[in-house]
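Remarks on the structure that follows.
The values are calculated or read from the model by the stated rules, or taken from the named source; none is laboratory data. Bear in mind the structure is a predicted one, so any value in this text is a computation, not a measurement. As a convention, Cβ positions derive from the backbone with ideal geometry for all residues, glycine included, and neighbour counts pool all protein chains shown. When the accessible area is computed, the model is the full protein with side chains, heavy atoms only, and any ligands, DNA or RNA have been set aside. Shrake-Rupley method; radii C 1.70, N 1.55, O 1.52, S 1.80 Å.
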Amino acid sequence: MSEKIFTQCTVGGPVKVHVENGRITKMRPIVFDDSQDAPSWHIHARGMDFAPPRKTTLNAYVVPERTRVYSENRIKYPYRRKTFDPKGERNPQNRGKDEYVRISWDEAIDIVSSEMIRIREKYGKAAITGMTSSHHNWGFLHYKMGPFGRFFNLIGYTNLLDNPDSWEGWQWGSVHSWGFHWRLGHNEPFGQLEDALKNTEQIIYWAVDPNSTSYMYGGQDVSIWKSWFKKLGIKSVFIDPYCNAGASIWADKWIAPRPGTDAALAEAIAYVWIKEGTYDKWFVENRTEGFETFRAHIMGEDGGSPCTPEWAAKECDLSVSTIVSLARQWAAKKTMLSVGTIHGATGAARAAYGTEWARLCVLLMSMQGMGKPGVNCWGGASSGPPMNFDFNFPGYSANGWDAFGIVAKKSYFPHGNPVTQKAYRLLLPEIVMNPPVSWTGEGFCGENIQQQFKHFTCPEPGPDGAPIKMIHRHGGSFISSMVDTNKWVRMYQNPNLEFVVMQDCHWQSETKFGDILLPASTNFEHSDISEWNSAGGYGHYEMSHNHRVIIYQHKCIEPLWESKPDYEIYTLLAEKLGVKEEYTEGNSFEDWNRKVFEYSDLPKYVTFEEFKEKGYFVVPPKADDKDSPVAMRWFYEGRPCDTPDRLNPRLGTDKAHLLGTPSGKVEFVSRSLTEFDKNDKERPPMPRYIPSWEGHRTELAKTYPLQLITPHPKFSYHTHNDNKTAWIDRIPQHRIEKDGYSWWPVRISPKDAAARGIKHGDIVKVHNDRAGVLCIAYLTERIRPGTVHSYESGAKYDPLEPGKAGSIDRGGCMNLLTPGRLLSKNVPGMACNSCLVEISRWEN
């Protein structure tokens, strides 16, 4: 049989897929055809011309995607947990240690649908919850929010509210300073690349690794930008306790404060600027409010101590001269502040009181005239190329995360779900084991600021509330990606939880805690249609890549073993529950694909048949891309917003020239927080440094003196790629093989290692009162003494005593160690980077 070539898209870039005899033989990026594909944009800056390569790129973790499809770690068949009998003894205590019995699809669907019916009739629709965790397979209609969201919103369930586990402090903090609630705390990115190339003199990368986490879905397209910055002489300063991958390549200066003290450093920088008069007084006077109150706090004129560099030096463990030099150089140069918002999943925002650092970053940039040429906040310095944003194609979260909603007769999100009860992802174990549980804040708060102040209780009081009795987990892993995750082990084994479904492509950290396992196929085994790197909705036009590319995702091979596409699985369940027609509306995969095509702007350029045959379409750049509007320039100049930020609720109104804060200005003292609770000491109306409740000053530090930071991994997208392919597991930055086992590295300074008798390559136990995890020691000067570094999202929970909560794990699930305490009392975010541990050699 001759070779066939298809197009597909991964979480890290689009690919051409080569298939022979029904088997994928290789994948490669797409190289554009100059005679057929649209041209690329060009930027002329400082006497140089810049244009991107005529191809797509892949993120490192999807380079071996072919082997991930064929991984032996695939869930090949439907299974039932051996001691689980839906009509008899359920034995929840055996979840996590039972063997599995292979069953037919008919039996699996019968059990799942019968349990749904039983639980709904006995407890109510609200007794069922579920979620797509930590991402799944790429697509628009069939990505993580598509078939799952449509099915469960149709039948009714308790929506498990998400938390922004990558940028906590930005959502819960910065919106109260600059009001970008519709972007979940991130500012608009438009035009920032061109502005930087033309005007910026310095980029400060603060708590962000642009080489590892800034690309997200965008492949490695924007790596070339950093070389352009170097060519233009733009200086790069990195602030991070770990000399991360980006810093090791591009840094002119690396500054390593103690974890959790970044807000103190920010206040000391403000002190220098105020004392020396090196801030933009016009901007502060005309585009902000509350500065005098902030100034009095910083200078110690309100009865408190001044936030001097000498004070911050003791908190941050930095020299006074380093802090003063940083402040002066920042003020002297046109500076972009590259922070980890949605691009570059930040560490400082995922620590105790991470809201304060995020808000202070906004205030610092306001003191330097945010929006004027070359001066701005810029997520990861990895977004905002001059693309054509007028071209319409929806991202996966468009129209409220019911991906079918924009093309279906009826959307089942957000108002189609008949259940009003909500649960919260970080608190789900407590909700299951010890109800009721209350919290403040509505997950992804993209509709308005007030969502952050809504109060919830689960079970919901009243006749419509119900205890959670069933969990349907669709992809990803909670044990690897949430916090204090031994409580998830205890939850799965709790008798309150009557039924657990695990629907996934691969065996993940917690797959063995399911009663029924449903094997899902990968996106290479069904068709779809999507835009590369487009989240839509909350990620509206972030664009950490160089070309807008629309992909027809061909079905390359038949589903392997007995796996089925997620949409097909939910269709089978919908049929059993009597709602198949409502779910499918009589459409096939191809019908849905054609509907999306017709909804988009593609028909203006190409027919459906032409698009499907070629497999991709490069969106032409705008003719006037040389004059692309720049983020925040309109605000700086006092004009109505002219960027293509279509979600901005003030566009087209008489307030279009204002920010989304109550005052329309940058607020040094937040009106929304003042109105909510002006006496909140943990998220006060005016941001400030608040020492961590699990940091270097605490009593606990005497027992556990090392601060563990757990950034998102470089070689896996959450748990998507780890423990699936030998290629990735043999990368020493990701896992290190020793004695026939692939160990998760923990990076420790030679000084800290010598004090503990630890040598490079030793197996060590990282532990605290919450858990113990076995890792392999990696000695490096790139981590500051007193701090250890190990990536989160290891997808191999491998306890020495299977199924026992608290057992020492050797698979690399570092979030067993992280605290379950929320970011602050009114902020339901995770503070995984406020974590004290000790490390010792493992002698067993």
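Things to note:
- Per-residue ellipticity at 222 nm, computed for the chain from helices alone with -39500 (n - 2.57) per DSSP H run of at least four residues, works out to -6500 deg cm²/dmol.
- Remark: accessible surface ordering of 738, 759 (largest first) is 759, 738, probe radius 1.4 Å.
- Of all beta bridges that DSSP places with both ends in the chain, some 55 percent have antiparallel geometry.
- Rg of the Cα atoms in segment 159-219, relative to 2.2 N^0.38 Å, amounts to 1.34.
- List 249, 269, 763, ordered by accessible area with a 1.4 Å probe, largest first: 249, 763, 269
- Hz values of 3J(HN,Hα) by residue in segment 776-782 - Karplus curve (6.51, -1.76, 1.60), Gly and Pro given as x: 9, 6, 10, 7, 7, 7, 7
- In a fully extended conformation the segment linking residue 599 and residue 34 would gain 200.7 nm over its present Cα-Cα distance, using 0.36 nm per residue.
- Karplus 3J(HN,Hα) series, Hz, for segment 794-800 with 6.51 cos²θ - 1.76 cosθ + 1.60 (x for Gly, Pro): x, 9, 9, 6, 9, x, 5
- Under the criterion of Cα pairs below 8 Å and six or more residues apart, the relative contact order for segment 664-709 equals 25 percent.
- Rounded to the nearest whole Hz, the Karplus-based 3J(HN,Hα) values (6.51 cos²θ - 1.76 cosθ + 1.60, θ = phi - 60°) of segment 741-753 follow the sequence 10, 8, 9, 7, x, 10, 8, 9, 6, x, 5, 5, 5, with x at glycine and proline.
- For residue 754 and residue 51, the difference between the fully extended length at 0.36 nm per residue and the C-alpha to C-alpha distance is 248.2 nm.
- Candidate residues 299, 387: accessible-area rank, largest first, probe 1.4 Å: 299, 387
- Taking amide H as placed 1.01 Å from N in the peptide plane, the amide H of residue 423 sits under 5 Å from that of 159, 160, 161, each at least 5 places away or on another chain.
- Put simply, the amide H of residue 15, placed in the peptide plane, has neighbours under 5 Å in 8, 9, 10, leaving out anything fewer than 5 places away on its chain.
- Alpha carbon convex hull of segment 700-841, projected area averaged over orientations, nm²: 8.9 nm²
- Exposure check, 1.4 Å probe, all protein chains in place: residue 780 carries approximately 20 Å² of accessible surface.
- Listed pairs 454/804; 512/555; 97/580; 16/333 exceeding 32 Å between Cα atoms: 454/804; 97/580; 16/333
- Subtracting the Cα-Cα distance of residue 821 and residue 282 from 0.36 nm times their residue separation leaves 189.9 nm of extension gain.
- Normalising the average separation of contacting C-alpha pairs (under 8 angstrom, six or more residues apart) by the number of residues puts the relative contact order of the chain at 20 percent.
- Highest to lowest packing among 368-381, 603-616, scored as the average C-beta count within 10 Å: 368-381, 603-616
- Given a 1.4 Å probe and the protein chains as shown, residue 243 ends up with an accessible area of around 20 Å².
- Computed FRET value (nearest 0.05) for residue 292 with residue 252, which takes r as the C-beta separation and R₀ as 45 Å: 0.80
- Solvent-accessible area of residue 107 with every protein chain in place, 1.4 Å probe, in Å² to the nearest 10: 70 Å²
- Residue-normalised accessible area of segment 782-829, given per residue in Å² at a 1.4 Å probe: 26 Å²
- Here the accessible area of the chain is 48 percent carbon and sulfur, with a 1.4 angstrom probe and all protein chains present.
- Tail fraction, Cα-Cα pairs, segment 457-496, threshold 11 Å, whole percent: 73 percent
- Using a cutoff of 8 angstrom between alpha carbon atoms and counting only pairs six or more residues apart, the relative contact order for segment 261-373 works out to 40 percent.
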